[in-house]
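Colleague: First the structure, which I've put down as structure tokens, then a few questions once you've had a look.
Throughout, read-outs are computed from the coordinates displayed, never taken from laboratory work. Keep in mind the model is a prediction, meaning the values are calculated, not measured. Positions of Cβ are backbone-derived with ideal geometry, glycine not excepted, and every protein chain shown enters the neighbour counts.
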Amino acid sequence: MSAPEENIVTSDSETRSAEVATVVASVWCELFGVPRVDADADFFALGGHSMLAVRMAARLRSELGLRVPVRTILENPTAGGLSRVLAEATKDAM
């Protein structure tokens, strides 16, 4: 038997992680022209390249208010991996 929804408590970091993941997925969908991305979607497998990474970094900065170096995108090529790194960075920035 599952707990009623009102009894489920999420931490601020879980909420922020979910928000960051939503933003990352939205930006990826827009830039790659796909309707949906999973957490294991790979930047390079989707056709990512350095100029797209530059555009992505700019969009993520605009959406999250966080400086996102292109290198961070290239070193964390999955949507889930990038989301985790950025969620951690936003937590550190607070």
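Colleague: If you build the Cα gyration tensor of segment 11-77 and take the root of 5 times each eigenvalue, what three semi-axes come out, in whole angstrom, biggest first?
Modeller: They are 19, 14, 11 Å, listed largest first.
Colleague: Gain in length, Asp42 to Asn76, computed as 0.36 nm per residue apart minus the alpha-carbon separation, to one decimal in nm?
Modeller: Between Asp42 and Asn76, full extension yields 11.3 nm more.
Colleague: Whole-Hz Karplus ³J(HN,Hα) for segment 70-87, in order, using 6.51 cos²θ - 1.76 cosθ + 1.60 and θ = phi - 60°, x for Gly and Pro?
Modeller: 3, 4, 4, 5, 5, 7, 10, x, 9, 4, x, x, 5, 4, 4, 5, 5, 5
Colleague: Taking the Cβ-Cβ separation of Met51 and Lys91 as r and a Förster radius of 30 Å, what is the calculated FRET efficiency to the nearest 0.05?
Modeller: 0.50
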